[in-house]
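Below is one structure, written out as structure tokens, with a few remarks after it.
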Amino acid sequence: MKLRNTVSLKLTFFLIASFLIIFLVIPVVSVFYTAFIDPYSGNFTIVNFLDFFKNRLFIESFFNSFYVAIMSVILASTFALPLSYFTTRFQFRGSVLIQSLGFIPLIMPPFVGAVALKLLFGTNGTVNLFLNKWMGFKVPFMEGLNGVIFAESIHYFPFILINLVASLNNIDKTMEESAQNLGSSGLNLFRKIVLPLSMPGYVAGASLVFLKVFDDLGTPLLLDINNMLAPQAYLRISAIGIDDPMGYVMAVILVVTSLSAMWIAKLALAGKDYSMLQKGGGGLAKRKLNFMEKIMAYGVIIFILFIVLAPHIGLTLLSFGTIWSFSYFPDAYTLNHYKEIFETSNFIKNTFLYCSIAAFIDILLGVLISYIVIRTSIRGREFLDYIAMAALAIPGLALGIGYLRTFYQYNLPFSNQPLASWWFIIVIALTIRRLPYALRACNAALTQISIYLEESAEVFGASRYIILKKIVIPLMIAGILAGFITSFATAAVELSATIMLVSNEIDAPLSYAIYAYMQTAAGRGPGAALGVIAVVIVGVGTYFSQRIIERKQSEKLINLN
Amino acid sequence: MYDNSNFQTGVNIKDVDVFYGKNHVIKNINIDIKPGEFFTFLGPSGCGKTTLLRLIAGFESASKGKVIIGENDVTTLPPWKRNIGMVFQNYALWPHMSVFKNVAFGLEQKKIEKIEIFSLVKNSLELVGLEGFENRRPSQLSGGQQQRVALARTLVVKPMILLLDEPLSNLDAKLRIQMRKDILHLQRKLGITTIFVTHDQEEANVMSDRVAVLNNGIVEQLGRPEDLYNNPINLFTANFLGTTNTLEGEVVSNNGKLKFISKENIEINNIKFKTGKCKILLRPQNFYINNNEIKDELVKLKGKIVEKEFLGNILRYTINVSEKKILVDLIHEDNSLIYKIEDEIELSFDINKLRFLES
């Protein structure tokens, strides 16, 4: 049954559609438009793109971004593969603990981890000092692009881990047993059955890593790497101004590359949803390891966990340390950095304010959109879903540039302040950026509710509003909460859109403040303290949303992007 | 194409115990399955039938005892070295491979040449009636077709034994009846020793040469289906294979003749058993209502009808005899007399149809 289209429904549809058009479609279109317009004559042109490809620095940046994204996928895979395979395939203690530890890097903004990594793995960092003393050589972990690759892959490898673990767990035991029954075992079995069946999960995770790394702005900026695409776009806009077309050209290239990566992943995954045919579920049979195998497996796992948790260790040391330079560890420890940030800043307050408003709007839109799309027959309803989800493919930087372009020309009522520099625009940018998470959670929750539950309420004469309030929302509440927390927590560490939109220190949220602090050597301590606070916020949020999701026992592939 | 002699292998399960942790799931089971036999493990869920099947396939290990196939002790062999075919309950077709690839998999493992694989797969798909389906994906097949591909995939490697784990449970009622005929037909044609697991007594009766009734990890009774039905040696078998009425009581000596008295004080004279506590079993179809014949062997009891159910071909009455509820099935035809609830009737049965169990 589809619901009738009442006036209030049409009005709701219209309001949501306008919101999405004004704050997502128009800014992105304006970025594309500006990229194709000659700034002097105002005519359509592709000269801006030709200029881009004539500039050696830009070409180099483009290839560097590509190279970093690909290498990050490879390095992230080498972290994720052993962790996921060992923990799903073999019986040993701590599988769950290892998997959870493996997710921790996600709860730290990658640019925060980058600073800590520099202290631990840089030329004069802890590890290289040790290496130099005992072995007589240094490894350039953090030199140039290496540093970006290292920081990004540590941060984003959990996307591969999560998806791979889920798809390995989805492989029915009998898939493996029937192959054994027909004479296959060991590597042959892995290559012919396990590997191809876990491929969809891997591709989903790997494409996400590629996309995120390609768009990331904060990490290269903090590591002083400017010859990549996102930093170039940012520097161009912030140094030359919002009328220079080159920044827009780069934003267009970012958007197009993101969309292509998503599209290629989608093609690769077409017709490969294997979960339907595997009725039993329950994952692979877990084999016992003998003593030597156990030692080797634990060795590999502990080594990987040490590397991927290094940013957290480094950040914590930094936030409590006095001076840490050319030494293994900080010279002394202090609480002053924490004191300083609590006394002098409203960043934490801003973050809570912005992110709770954004997350609240997100779940409100999420519930309404999913309800309109799934339960009504209003014309163009899929359009809402597509547009809202498309926000996933729009790099934060491109959205930020689009906002500047679109809203700078309008002033706030009764003042001369441009709309684009008003703090609420940051909230709206966060709302748009995180809407897909909330919407996905709401969609999942609503599809699980049988329409009969609503129809049986309708039989008693309940109105649509009453049904929504008394039946649908209570049943969706776990999904809604999970959506709220995910949106909130990920908005708290968002940098690439906000960095474009913060015009006044007073309005800055946590992530921007960390970035600003980390620019100077003296600011590192307080910056790290803020970073620790961000990690705690996101960590607590993630923990609770995981608890909520686990209670719903959804075993599907998780796309956390 | 099939060389039947390859298939004529027996299976001997000797003194087998299986534990899941502290759970004793298979308790000292001995079963000897003859070459070429269609043998069924029948029992409720959790009785150990699937565990026993997986033990033969090599997916479970026995803490004690042996599994012997033909002449070979395979107890410690891994599954991939046993050459035993198994069809899984969910068919377990690999979704990333075409039908052809699925069926060819076992042959490729045996390093058979491509050209030969091609013709063997073709023959095998013909055997199950799926010629021309080579390029389909498992997701494009119906449940019954998936089942046939699973059979073809298993049979194409010429296993010594065919194991079927509840292969019909995922099919709808009509298809189930068709499939069970087809499977039986195939088994007879190939002569392959087949072990079938089910919880459905009708399937077991229709298909099997012999049946082992399993319960709580032990064999309650083993024999031909009709023997199990006619002569159950315990209550479990009697109840699992069809409906039965049970009277508990005692046999006493009365003037040199033996008499049974139930707990409810139902008395049956002139019985042939021994004194002491016992149980009497009687199937619902062995009763008559208001039969006026007078014969020595006919035992008569007074009763009152308390319930009736119309099941189509039969009418099932529940009759109160001295506060004991007895189920009685009468064949229904369009001119049959139908009794009403509360009717007082006379129930009778042939004393030779009674089965006695010691208790």
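The values are calculated or read from the model by the stated rules, or taken from the named source; none is laboratory data. As the structure is a computational prediction, the values presented were derived from the model and not from experiment. Positions of Cβ are backbone-derived with ideal geometry, glycine not excepted, and every protein chain shown enters the neighbour counts.
Overview of values
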read-out	value
Selection count, the range A:395-445, where residues are aromatic (Phe, Trp, Tyr), over 19 Å from the mean Cα position of the chain (by Cα) and either outside the structural domain of A:ALA359 (by TED's automatic domain parsing) or surrounded by 24 or more Cβ atoms within 10 Å (Cβ to Cβ) (or both)	1
Residue within the range A:117-133 that is within 30 Å of B:GLY106 (Cα to Cα), more than 14 Å from chain B (Cβ to nearest Cβ), part of a helix (DSSP H, G or I) and not hydrophobic (A, V, I, L, M, F, W, C) present	no
Near pairs, Cβ below 7 angstrom, 6+ apart or cross-chain, from the range B:154-181 (in contact (Cβ under 8 Å) with a residue 24 or more places away in the chain) to any residue that is surrounded by fewer than 20 Cβ atoms within 10 Å (Cβ to Cβ) and charged (D, E, K, R)	B:VAL157/B:LYS110; B:LEU168/B:ARG176
Any hit, the range B:75-83, residues being on the phi > 0 side of the Ramachandran plot and polar (S, T, N, Q)	yes
Which listed residue is at pLDDT below 80 and either outside the structural domain of A:ILE432 (by TED's automatic domain parsing) or assigned to a helix (DSSP H, G or I) (or both), from A:GLY531, A:GLY479, A:GLY541, A:GLY527	A:GLY541
Residue check, A:ARG433 among the charged types (D, E, K, R) and closer than 27 Å to A:LEU229 by Cα	yes
Qualifying residues in the range A:451-476 (those that are without any contact (Cβ under 8 Å) to a residue 12 or more places away in the chain and either β-branched (Val, Ile, Thr) or in a helix (DSSP H, G or I) (or both)) - the one farthest from A:LEU439 (Cα to Cα)	A:VAL459
Selection count where residues are within 11 Å of chain A (Cβ to nearest Cβ) and either buried (at least 20 other Cβ atoms within 10 Å of the Cβ) or charged (D, E, K, R) (or both), scope the range B:133-154	6
Count - residues of the range B:86-119 that are within 20 Å of B:ARG137 (Cβ to Cβ) and either of a type outside the set (Ser, Thr, Tyr) or more than 10 Å from chain A (Cβ to nearest Cβ) (or both)	22
Matching residues in the range B:58-78 - criterion: being surrounded by 22 or more Cβ atoms within 10 Å (Cβ to Cβ) and either part of a helix (DSSP H, G or I) or at the interface with another protein chain (Cβ under 10 Å from one of its Cβ atoms) (or both)	B:GLY58
Extreme residue, surrounded by the most Cβ atoms within 10 Å (Cβ to Cβ), among residues of the range B:297-356 that are outside any strand (DSSP E or B) and of a type in the set (A, V, I, L, M)	B:LEU354
Any hit, the range A:166-189, residues being more than 9 Å from chain B (Cβ to nearest Cβ), in contact with an Asp or Glu (Cβ under 6 Å, 6 or more places away or on another chain) and not in a loop (DSSP other than H, G, I, E, B)	no
Output for the range A:36-90, where each listed residue is surrounded by 17 or more Cβ atoms within 10 Å (Cβ to Cβ) and in a strand (DSSP E or B)	A:ILE37
